[in-house]
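The values are calculated or read from the model by the stated rules, or taken from the named source; none is laboratory data. None of these values were measured; they are calculated from a predicted model. Cβ sites come from the backbone with ideal geometry, for glycine too, and all protein chains shown count toward neighbours. Remember, those area values only see protein heavy atoms, side chains included, never the ligands or the DNA or RNA. Shrake-Rupley method; radii C 1.70, N 1.55, O 1.52, S 1.80 Å.
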Amino acid sequence: MGTGNEGKIFASKFVAKGTFTSGTRPTAGGTKLVWDAHAPSGSTFTMSVRSAVTREQLSGAEWRDVDETLTLPKDHRFLQYRANFTSEGQHTPVLEGVRWE
């Protein structure tokens, strides 16, 4: 990791596995979760989603792996996504953005 100061470079501990969990989002009639991510050789990136009728029920909902197209029950008004990152080498996957359409 660079600091912007010439000659000052520090190393940080490598983490081989991690997740990012979004906040609660309204479904508002969308049907497609779209993300901009890339996973170099030796790494993987997957998305999981859970949904529920109410915001309070979301924390108890089951996570399920998804590709870009997601079918939700019509009465599910809230969702949450989880990005899963793994790496076996020096390169890690990168998530640049997520949107619900």
Cβ-Cβ under 7 Å pairs, at least 6 apart or on other chains, segment 35-48 side at positive phi, far side open to solvent by 40 Å² or more (accessible area, probe 1.4 Å) and among the charged types (D, E, K, R): G42/E88
Residues located in segment 50-83, provided they are over 16 Å from P26 (Cβ atoms), in contact with a Phe, Trp or Tyr (Cβ under 7 Å, 6 or more places away or on another chain) and not charged (D, E, K, R): A83
All strands (runs of 3 or more DSSP E) inside segment 27-101 with 1 or more residues being open to solvent by 50 Å² or more (accessible area, probe 1.4 Å) and among the acidic types (D, E): 33-38, 64-66, 94-100
